[in-house]
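What follows is a single structure, written as structure tokens, with notes after it.
The values are calculated or read from the model by the stated rules, or taken from the named source; none is laboratory data. Not measured: the values here are computed from a predicted model. Methodologically, a virtual Cβ is constructed for each residue, glycine included, from the backbone with ideal geometry; neighbour enumeration extends over all protein chains shown.
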Amino acid sequence: MTITAVPVVENGSLVVHGKVVLTGVPENVVISPASSGSAFIGADSTSSSSRHVFNLGVLENRKFMCLFVVKIWWMIPRVGNSASEIPMETQMLLLEVDEESVLGVADEDSPAESTSENKFYVLMLPVLDGAFRTTLQGNKANELQFCYESGDPNVQTSQALEGVFVNSGDNPFELLKDSIKILAKHKGTFSHLDNKKAPAHLDWFGWCTWDAFYTDVSPNGIKEGLQSFKEGGVSPKYLIIDDGWQETENEFRKEGEPEEEGIQCATRLTGIKENSKFKSSESANLKELIHDIKENYGLKYVYMWHALAGYWGGVLASSETLKKYNSKLAYPMLSPGNIGNVRDVALDILEKYGVGVIDPEKIYDFYNDMHSYLASSGVDGVKVDVQNLLESLGTGFGGRVSITKKYHEALDESIERNFPDNNLICCMCHNSDSIFSSKTSATARASEDFMPNEPTFQTLHIASVSFNSLLIGEVFVPDWDMFHSNHNTADFHGAARAIGGCPVYVSDKPGKHDFEILKKLVLSDGSILRARYAGRPTRDCLFIDPVMDGKSLLKIWNLNKLTGVIGVFNCQGAGSWPMKQAPESAEKATAAAISITGRVSPLDVEFLEEIAGETWSGECALYAFQSGSLTRVPKNKTVGVSLGVLECEIFTVSPIKVFKDNVHFAPIGLINMYNSGGAVEDFSNKDAITIKARGAGIFGAYSSEKPCFVKVHKKDEEFTYNSENGLLTVNLQGDCSFKEIEIGY
């Protein structure tokens, strides 16, 4: 249960649950109670402005993890101990607070269970407040501040009423979920993921055209790619036709002159239909292409890409087709937060050349016209990109929050009308304007792109997504982005997506596939074994730096229907966070280390007891996918794992149950799949142990005794049994239909 204790200011200190969190709180700071022990922090100013920076108090010697917008599109995490380490544009701050306790010496094999029981967590979420957006930041004096801005010089105030939401609890994951639900109910501008409809594509394998072709995508290229998947025996069931299909124009590219960096971002949309590449001898039109590829390659869903503003540079005002949307040229105005972190070349270009902004009163008509045309062509959904651009275009439109809200409401309405399965993927949408304006959109990219040609970005990608999912995963199903199956990091990325609770898709070039990797992710019918929740760092990883401290492994937990899963990743020594210098000790440790060792426990899986059931013995079977080892472990003990740089291991955690004749048993699942336990659908014991399993391949289980028989669909099957570790296996043959496995003793 979440500990409830309303934050208060006492003697100049912010006190939460009896603990001082901030000292030196200024007199202009005000607190108003919310619900369930939470509160809002605001502040007053003597003058009216469109942007205020208020001091909240001093934060020192307190472990924190924050998520901040590193450049306009994307968040990354940061950990530290004092406010001076908290960057501008911070959108979530989680503090760890120790209760007074007397602890004995910890056993190396035991997780510090008693330690976690004597901690609680304080969550600070800067939120939207009317037309204003709040972020957190620290200064050199270790003062925690909140920035309160509208993004329109004409939208001003002298008072921030509900700038920062504060809540506390003893479970950080419950705390985040409860807090987002409280905020969603209180604000009414967005919804928790539990109240959204999941898009149709999530449980199927997909292919995206972006890295395969970039903007050179064409009908022939798409068919060539789908054919090469088909020949390898792993066919995508959904396709994202990314950037490159639309009618666009770039007025600023000059023939014969050197191209300005980022000039492609000044390109503007000229129409809502497909361009000439999709109206040629390769394909008469988009509708014919989609019918053809669905018919010949077994695709269930085709999504099309477009930007929230139409295209990167908006729409071309002089286009006859688009004149009815009343667009006008506007020039982005960047906030100090955008400039203070990492600038993006796209914004430099758009500041220079402007954006064709559709009138917010006409934006629904634009989306509906485009989406209805796409739907009539057989398209099933859209990926809507470049969303955070709107934050820089609020001037004259009531501010950044107001224009974002208007566009998102129109987008949601058009999706509901034209793609009723809620088939929408949001992208480049990590600002709180977008997150807290999301009423129905249910899937969003959770980090910057997978960069196949950037070797120092691979580990950052995995770490960013898992930490970002703490916040994003309460509002959206996190999308970990595409990866390449034929890449030196494919195993690393594939394993992460298998446990991420996310869609699984690649952007392989035609003929460039590793089907051995793909077959660890995708069943023969094209479906995937998707875990139930957003994959997030385990509790003991929340306040460590898995990329740059030179000593820590990243552990990510999730749940299936009847098993838990823990992915362990060595993200050290292969990249550095932007805006952060590695301590010399960490650099030396990483350079010297061949591998890093950590420990894994069943208790790393949150809420495991909820799936364990009443007959749980308190022990678990831990199956390590990469090594193939099976270990029986009490829930409060650990096992060691050592990994080299860019190596990973996945542990299926299956609670052991005790049946008659003292048989101890735990299903593991399809042991040739990364997320083995995702194949276990049901598990019961009457006259014999009965398992309902999904898919085909080698199915494994832990059994303390060798069974007398194993039957599949009432038919006796051969099985193997290893008396040393208790691994029982049977080969499930046939298609991906559910199979009933019966085991008798």
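A residue that is farther than 25 Å from residue 205 by Cα and either assigned to a helix (DSSP H, G or I) or in contact with a Cys (Cβ under 9 Å, 6 or more places away or on another chain) (or both) occurs nowhere in segment 281-304.
Every test in (1) within 25 Å of residue 653 (Cα to Cα); (2) touching a Lys or Arg at 6+ places or on another chain (Cβ under 9 Å); (3) touching a residue at least 24 places away in the same chain (Cβ under 8 Å) is passed by residue 493 save one, and that test is (2).
Residues in segment 515-557 that are surrounded by fewer than 18 Cβ atoms within 10 Å (Cβ to Cβ), in contact with a helix residue (DSSP H, G or I) (Cβ under 7 Å, 6 or more places away or on another chain) and assigned to a loop (DSSP other than H, G, I, E, B): 2 in all. Checking each residue in segment 27-54 for being in contact (Cβ under 8 Å) with a residue 40 or more places away in the chain, closer than 17 Å to residue 143 by Cβ and either assigned to a loop (DSSP other than H, G, I, E, B) or among the aromatic types (Phe, Trp, Tyr) (or both) picks out only 54. Scanning segment 199-246 for residues that are over 30 Å from residue 264 (Cα atoms), in contact (Cβ under 8 Å) with a residue 12 or more places away in the chain and either touching a His at 6+ places or on another chain (Cβ under 9 Å) or among the charged types (D, E, K, R) (or both) yields 203, 228, 229, 230, 232, 234, 237. Checking each residue in segment 175-188 for being under 25 Å from residue 420 (Cβ atoms) and surrounded by fewer than 19 Cβ atoms within 10 Å (Cβ to Cβ) picks out only 188. For segment 697-711, a residue qualifies if it is part of a strand (DSSP E or B) and free of Cβ contacts under 8 Å to residues at least 40 places away in the same chain, and the qualifying residues are 697, 698, 709, 710, 711. Of everything in segment 632-649 that's over 24 Å from residue 487 (Cβ atoms) and among the hydrophobic types (A, V, I, L, M, F, W, C), which residue is surrounded by the fewest Cβ atoms within 10 Å (Cβ to Cβ)? Per the criteria, the residue is 639. Checked against (1) part of a loop (DSSP other than H, G, I, E, B); (2) buried (at least 21 other Cβ atoms within 10 Å of the Cβ); (3) aromatic (Phe, Trp, Tyr), residue 252 meets all criteria but (2).
Within segment 404-432, the set of residues being surrounded by fewer than 24 Cβ atoms within 10 Å (Cβ to Cβ) and either under 23 Å from residue 186 (Cα atoms) or among the acidic types (Asp, Glu) (or both) comprises 405, 406, 409, 410, 412, 413, 416, 421. Can you report the number of residues in segment 538-559 which are touching a Leu at 6+ places or on another chain (Cβ under 8 Å), more than 15 Å from residue 121 (Cα to Cα) and not β-branched (Val, Ile, Thr)? Residues in segment 538-559 being touching a Leu at 6+ places or on another chain (Cβ under 8 Å), more than 15 Å from residue 121 (Cα to Cα) and not β-branched (Val, Ile, Thr): 3 in total. Within segment 712-732, take every residue that is assigned to a loop (DSSP other than H, G, I, E, B) and in contact with a strand residue (DSSP E or B) (Cβ under 8 Å, 6 or more places away or on another chain) and give me the one that is nearest to residue 562 (Cα to Cα). If we take residues in segment 712-732 being assigned to a loop (DSSP other than H, G, I, E, B) and in contact with a strand residue (DSSP E or B) (Cβ under 8 Å, 6 or more places away or on another chain), then 726 is nearest to residue 562 (Cα to Cα).
Annotation: of all residues in segment 104-158 being within 30 Å of residue 639 (Cβ to Cβ) and surrounded by 19 or more Cβ atoms within 10 Å (Cβ to Cβ), the one that is modelled with the lowest pLDDT is 111.
Being under 27 Å from residue 603 (Cβ atoms) and in contact with a Cys (Cβ under 9 Å, 6 or more places away or on another chain) holds for only one residue in 635, 657, and it is 635.
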